[in-house]
Amino acid sequence: MRLNRRTLFLTAVLAGAAQFGGLGFAFAQTTLLNVSYDPTRELYKDYNAVFASKWKADTGEDVSIQASHGGSGKQARSVIDGLEADVVTLALESDINAIAEATKKINPDWRTRLPNNSSPYTSTIVFLVRKGNPKAINDWGDLVKDGVEVITPNPKTSGGARWNYLAAWAWANDKFGGDEAKTRDYIAELFKHVPILDTGARGSTVTFAQRQLGDVLLAWENEAYLAADEFGADQFDIVFPPQSILAEPPVAVVDANVDAKGTRKVAEAYLEYLYSEEGQRLAAKHHYRPSKPDLVPAEELKQFTQIKLISIDDPLFGGWAKAQPTHFGDGGTFDQLYKPGK
Amino acid sequence: MALEQSFAQTPLRPLKSAVTESLTTRIVLIAISLLFLALFLVTPLVMVFIQAFAGGWSTYLASLVEPDAMAAIRLTLTVAVISVPLNIVFGLAAAWAIAKFEFKGKAFLITLIDLPFSVSPVIAGLVYVLLFGGGSVLGPWLKSHGIEILFAVPGIVLATIFVTFPFVARELIPLMQDQGSGDEEAALSLGASGWQTFWYVTLPNVKWALLYGVLLCNARAMGEFGAVSVVSGHIRGLTNTMPLHVEILYNEYNAVGAFAVASLLALLALVTLVLKSFLEFRYGDEMAATAKH
């Protein structure tokens, strides 16, 4: 092999050919981009296939749905930075609000456009513990016992982690009869028991389940079931604390993007179909609590243990518009109470 | 007295061998380096392959031909195929300018070329977000003209070029400086044109260093994670490169799939290394004559 002019020229030609080979695909059909958060991967993988065939049956059009997953806050950031999402299905109302405020790409009234505050499914925060619950963790108070290590993601980047934080806050508030100083002490103590703050819910699950760190994982209900399914039910127990939080992960069409791409009709249908019987049953199958439980057979609802759920709209929190800056903004309660390495 | 004695007693020293250390020392040193290699290089690599084949051949192949994995492989190759040739051109031009000419600000230019080595890849990615993102001046303007940079292939290519920029230039500059411009001056005085000088004199002189730079550049272009992660948008089957796909699969509890793709990446890197060793073995003499690799 002599590296002469001809070889170089040939390399250039091959390079060019490969480049066209690499780029000359797709774009022949309608595509939707769903920018979602971490634990919904499996749900939307199933739902995308179901919706595509239903759309084909209804309209004769092919639609292919692309998915992007990551920590909810990070995903919102990407959409703000220009990721061309047709729909966003995130963990928190405040993440969609952040997009609406920063880019004006989502109409401010988005939350009223779909039923149940635009949340087709709800969820809650539960405890995933090692099999047999060796450290006897049954309620929020047990998390700060000596020798208990708690795994939760970082509330600054993870939607799930914010729900964890607020659920703990709500419990402490009840426990101490509204004494905020004691509630803050509890939260500060709780985070002293957290050895690692991952950036997303899935990272924390992997830390707990695969890397075997910690005694209890504060997890989305569906994430807890999924971990138990994936790693074997003989490894973990799911503990339902007597009280937790009502998490309403919202969905919205990104108006400016669908209007630019001409995909509004299919994007709206995509979100509306989440509320259909098929969409609701898929949600239940993936351990999300359906917002229209009457559409789902009772058999499939049995898994959802009834516990006391506090809403974000409870006066304690006053909705996301208030809770977000109070607790998770710069200098908010999390910044005040979290002291790494102490 | 004592001094005289010591002088008298000193015999003629025998000629020492080039290696002064005792046999034990040598064995211990070699053992330490082998152990280190085994522990930190070979074992992890072997683990990757063990994990990848944990589900058998058919699962391994299935994880690679799965559409999202294929798209990731295609994208990674596309990115390498675009960014490596561009870096060859940039690297050659920069090395040529620095080695053969004297001009003001040369030291500054060398520092600039090294910049990607010292800047964290995350910053490299964020720079492009600031430059082309929705909040920037350039981003919306480009978009209104139908040009997508961020969260699309061009952004990934840009980020990759940024982090791989120094490889070719850094290989060429010391060699070309060493060689000086005597050969080129001779060629020019014999009537060769600028291009002829480049093709027939400069390029053959540096071809091994160039090839070596290209191999390094290519390995990094295919393996880059940080910068690409920031500008990718992580759209499955569209903007996920192989390293990003590995992370996604791992986070989906699909360890076998993740390590199957990882093993393919490792294989591509190994091919690069083997190619380099083969070239060194086959053309060792010729290389020694023109360079010191």
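Every number here is computed from the coordinates shown, using simple stated rules; none is lab data. Since we're looking at a predicted model, the values are computed, not measured. Here the Cβ positions follow ideal geometry from the backbone for every residue, glycine too, while neighbour counts run over all protein chains shown.
Between B:Leu130 and B:Ala107, the C-beta separation translates, for a Förster distance of 30 Å, into a calculated FRET efficiency of about 0.60. Exposed loop sites here are GluC sites (Glu not before Pro) assigned a DSSP state other than H, G, I, E or B and surrounded by at most 16 other beta carbons within 10 Å; excluding them, the longest clear run of chain B is B:149-293. Cross-link reach is defined here as a Cα-Cα straight distance under 16 Å, omitting same-chain residues fewer than 8 places apart; for A:Lys292 the lysines meeting it are A:Lys302. Distant-in-sequence amide contacts of A:Thr122, defined by a placed amide H-H separation under 5 Å and a gap of 5 or more residues or a different chain, comprise A:Arg289, A:Ser291. Here A:Ile307 and A:Gln212 are evaluated by their C-beta separation; at R0 = 45 Å the FRET efficiency comes out at 0.95. In debye to the nearest 20, how big a dipole does the protein assembly as shown give about its Cα centre with +1 on each Lys and Arg Cβ and -1 on each Asp and Glu Cβ? Approximately 1480 debye in magnitude. In straight-distance terms, cross-link reach from A:Lys182 covers every one of the aspartates and glutamates whose alpha-carbon lies under 14 Å from its own, apart from those fewer than eight places away in the same chain; here that gives A:Asp174.
Backbone amide hydrogens, once placed in the peptide plane, bring A:Thr31 within less than 5 Å of A:Ser64, excluding anything fewer than 5 places away on its chain. Of all aspartates and glutamates in the structure, the ones whose alpha carbon falls short of 19 Å from that of A:Lys156, not counting any fewer than 8 places away in one chain, are A:Asp38, A:Asp81, A:Glu93, A:Asp95, A:Glu101, A:Glu189, A:Asp198, A:Glu248, A:Asp330, A:Asp335.
Chain A: longest stretch without exposed chymotrypsin sites (Phe, Trp or Tyr not before Pro) (DSSP loop, at most 13 other Cβ within 10 Å), sites themselves excluded? Working shown, then result.
Details: sites that count: A:Phe25, A:Phe27.
No qualifying site falls inside A:28-342, the longest such stretch.
Can you pull out the trypsin sites (Lys or Arg not before Pro) in the range A:99-187 that DSSP calls coil and that have at most 13 other Cβ atoms within 10 Å? For trypsin sites (Lys or Arg not before Pro) across the range A:99-187 that sit outside H, G, I, E and B with at most 13 neighbouring Cβ atoms in 10 Å, the list reads A:Lys104, A:Lys131, A:Lys145. Computed from backbone phi, the HN-Hα couplings of the range B:142-150 come to 4, 5, 5, 9, x, 10, 9, 10, 6 Hz, rounded to whole numbers (Karplus: 6.51 cos²θ - 1.76 cosθ + 1.60, θ = phi - 60°; Gly and Pro given as x).
Given a cut-off of under 8 Å on Cα pairs at least six residues apart, what relative contact order in percent is computed for the range A:106-225?
Values: 156 pairs, mean separation 47.1, N = 120.
Worked out over the range A:106-225, it gives 39 percent.
Under a 5 Å amide H cut-off, with hydrogens placed 1.01 Å from N, A:Asp215 pairs with A:Glu149, A:Val150, A:Ile151 among residues at least 5 apart or on other chains.
Think of the protein assembly as shown as having a plus end and a minus end, set by charges on the Cβ of Lys, Arg, Asp and Glu; of A:Leu295, B:Ala152, A:Tyr37, B:Ala152 sits farthest toward the positive end of this dipole.
Relative contact order of the range B:97-212, taken over Cα pairs closer than 8 Å and 6 or more residues apart, is 28 percent. With unit charges on the beta carbons (Lys and Arg positive, Asp and Glu negative) and the dipole taken about the Cα centre of the protein assembly as shown, which residue among A:Trp110, A:Val129, A:Phe208 sits farthest to the positive side? Farthest towards the positive end: A:Phe208. Taking every residue in B:229-241 and counting other chain Cβ atoms within 10 Å of its Cβ, the average works out to 5. Excluding the site residues themselves, the longest part of chain B lacking any trypsin sites (Lys or Arg not before Pro) in a DSSP loop with at most 16 other Cβ atoms within 10 Å is B:105-291.
With charges set only on the Cβ (+1 for Lys and Arg, -1 for Asp and Glu), what does the dipole of chain A come to about its Cα centre, in debye to the nearest 20? Could the numbers behind the result be given before it?
Working: 37 positive and 44 negative charges, 252 e Å.
It comes to approximately 1220 debye.
3J(HN,Hα) along the range A:306-321: 7, 10, 6, 10, 8, 8, 5, 7, 4, x, 4, 9, x, x, 5, 4 Hz, from the Karplus curve 6.51 cos²θ - 1.76 cosθ + 1.60 with θ = phi - 60°, whole Hz, x for Gly and Pro.
Within chain B, which whole H helices from DSSP have a Cα span along their axis of at least 27 Å and a mean Kyte-Doolittle hydropathy of 1.6 or more, if any?
Length and hydropathy pass: B:255-282.
Which net charge results for the neighbourhood of A:Thr157, defined as the other residues with beta-carbon distances under 10 angstrom from its beta-carbon, given Lys and Arg at +1 and Asp and Glu at -1?
+3
Please tell me which of these pairs span more than 32 angstrom C-alpha to C-alpha: A:Lys175/A:Lys322; A:Lys74/A:Lys322; A:Lys56/A:Lys308; A:Lys45/A:Lys192?
Numbers: A:Lys175/A:Lys322 22 Å; A:Lys74/A:Lys322 21 Å; A:Lys56/A:Lys308 42 Å; A:Lys45/A:Lys192 37 Å.
Those over the limit are A:Lys56/A:Lys308; A:Lys45/A:Lys192.
Which of the chymotrypsin sites (Phe, Trp or Tyr not before Pro) found in the range B:23-126 are loop residues per DSSP with 15 or fewer other Cβ atoms within 10 Å of their Cβ?
Within the range B:23-126, the qualifying chymotrypsin sites (Phe, Trp or Tyr not before Pro) (loop, at most 15 other Cβ atoms within 10 Å) are B:Phe53, B:Phe101, B:Phe103.
I need the helices of chain A that pass two filters: whole DSSP H segments spanning 20 Å or more by Cα along the axis, and mean Kyte-Doolittle score no lower than 0.0. Let's see the in-between values first.
Numbers: long enough: A:5-23 (27 Å, 0.90); A:41-59 (26 Å, -1.00); A:159-175 (24 Å, -0.64).
Going by DSSP H runs, the hits are A:5-23.
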